[in-house]
Every structure is written in structure tokens, then in C-alpha cells.
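Everything below concerns the one structure shown next.
None of the figures in this text is laboratory data; all of them are computed from the coordinates on show. Everything numeric in this text was worked out from a predicted model, so none of it was measured. Cβ coordinates were reconstructed from backbone atoms using ideal geometry, including for glycine residues, and neighbour counts include every protein chain displayed.
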Amino acid sequence: MFRHHGKGRTLTHNLRLATLLSFIAGMVNICGVFSVKALTTNVTGHFAFFAEEMVLKNYTLAFIFIVYVLCFLLGSFLSGLLTELTARRTNLSPALPPMVVEISILVLVWLYSYFYGTAGNNVHVIVSALLFAMGVQNSLVTQVSKSIVRTTHLTGLFTDLGIELAQLIFYRAPSEIKRLKQSIYLRTAIILFFFIGCIVGGFLFTYYELKTLLIAAFFLIITLLYDYIRYKFYFLKRRIFTDKE
């Protein structure tokens, strides 16, 4: 899921990556909405709020919204940096450090809310941390999939999906139709699992509140273990067949 790059990646690899991490993004997003009344998987709305506060001369709030945006950017930067360093200097999966960072942030946000609550200035800490985590995730999946998969916001996905549905009417070459259908299938899966993540996360939040983030972190840990075990299985399988030859 994380280890295949370039031509080695298939639609199946991207589907596994997209469905799981878009599901996680949906869970994180709804936790942000329920706990602190803020969207935590994209920055588009925060730019609008920044402009609103600037017009109203609420400069402190305007600054906070810029901090939100920068936290997402910083998360993306750190994820890209860790991925490149890991790929160049170690034999570990390049996805491992960013995933560990994301898991750690989700756990720390729950711990912070447990000890300090979600009122007052704590709102800004929680929103900033979750935006940072989603910046890490979005950067990771973008790098691994070579910009084919994005999991934390839907505006671009709906735009691309609309374009490809229109192209499907006019394109006739079998190779073009196959490419379009695969892309439509992938984008639809991302959108669907983001919605499912929001719904499941919403129901879980009514019972567990921000402990729901621990469930999201658990899914990420299971994903890392699955990816590692699957990699080791194929590595041993290839080695056994090579030795036989």
C-alpha cells in the first residue's frame, strides 16, 4: 500500500490507500466539528474566515486563522521532509515516520482535551494540531500515489470527478475509457469513504467524544502492521522461489 511507487503502483494499491485514509480524515473532521466547531481537514474555509475577521478588524482572530493555515502547511512540509529523508537514508518504509507523527498527534490531542478541556484558547490548540495532522496525511498520500490520491478535502475531487464524467461521454478509445473508469472509481471511493468516516466518527463521538481519535489512531496502527506483514510475506515468498531456482 505504501511501499509501491511509480509504475509499481496499481489501482488496487491506490484504492486501499484512498479508502482507509479518507475514512480516517472523515473521522478526524467530524471530531473537530463536534468538539470545537471547526473543520480540520482543509484550509479553504479558514481563508474565508481570515478575510472576514480582517474586514471586521478583529486582527487577533484573523491571525489565528492564518496560524491554522500555516499548521496545515507545516504538517505537509514535515511529512514531505520525513518521507524524503527516510527514502534516501534508511531501508524503512518512507511512510512510517509521517504515520507515526500523525498517530502521535491524534493521541496527544485526546490527552490534551482530557486534561485541559475543549473550551477557550484550548480550541485553537486542538484545531491547529488536527490541521497539522491532516497536513501530514495529505502530503503523505499525495507523495506515495504521485498526486493521484488526496484524502482530506473533497472540492478538488468533485471537480475532477465532474470533468471525467463529462469526458466519459465523448472519449471512445478503449484505453481512454479504461483510464477514465479507473479514475472515476477511485475518486468515488475516496468521497464515499470520507462520508462513511464522518458518519461513523459522528456516532462514535456521541459515546466516546474525543476518544474517537484513539480509534482513528488504532486504524492507522493496524494499517502500518498490515503493510509491514504483507511486505515481509512477499519478500520471503520471493526469496524462497529465488532459492529454488
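Observations on the structure shown:
- C-alpha long axis of helix 44-55 to longest principal axis of the chain, angle in °: 20 degrees
- Note on N91/I199: beta-carbon distance plugged into 1/(1 + (r/R0)^6) with R0 of 41 Å gives a FRET efficiency of 0.55.
- Local electrostatic count at G156 - Lys and Arg +1, Asp and Glu -1, tallied over other residues with Cβ under 14 Å: 0
- Working note: Karplus 6.51/-1.76/1.60 with θ = phi - 60° gives region 104-110 the couplings 4, 5, 4, 5, 5, 5, 4 Hz, where Gly and Pro are set to x.
- From least to most packed, judged by other beta carbons within 10 angstrom and beginning with the fewest, C31, C71 follow the order C71, C31.
- Charged side chains reduced to their Cβ positions (Lys and Arg at +1, Asp and Glu at -1) give region 1-115 a dipole of some 480 debye around its Cα centre.
- Couplings 3J(HN,Hα) for region 199-210, derived from phi with the Karplus relation 6.51 cos²θ - 1.76 cosθ + 1.60 (θ = phi - 60°), are 5, 4, x, x, 5, 5, 5, 5, 9, 10, 6, 6 Hz, where x marks Gly and Pro.
- Number of Lys-Lys pairs in the chain with C-alpha atoms under 24 Å apart and a separation of 8 or more places or on different chains: 11.
- Order of D160, D227 under a 10 Å beta carbon neighbour criterion, fewest first: D160, D227
- Prolate is the label for region 17-160. Its Cα gyration tensor axes, ordered a ≥ b ≥ c, give a/c of at least 1.5 and a/b above b/c.
- Net charge over other residues, Cβ less than 11 angstrom from the Cβ of A18 (K, R count +1; D, E count -1): +3
- Proxy reagent accessibility, fewest Cβ within 10 Å first, across L186, L78: L78, L186
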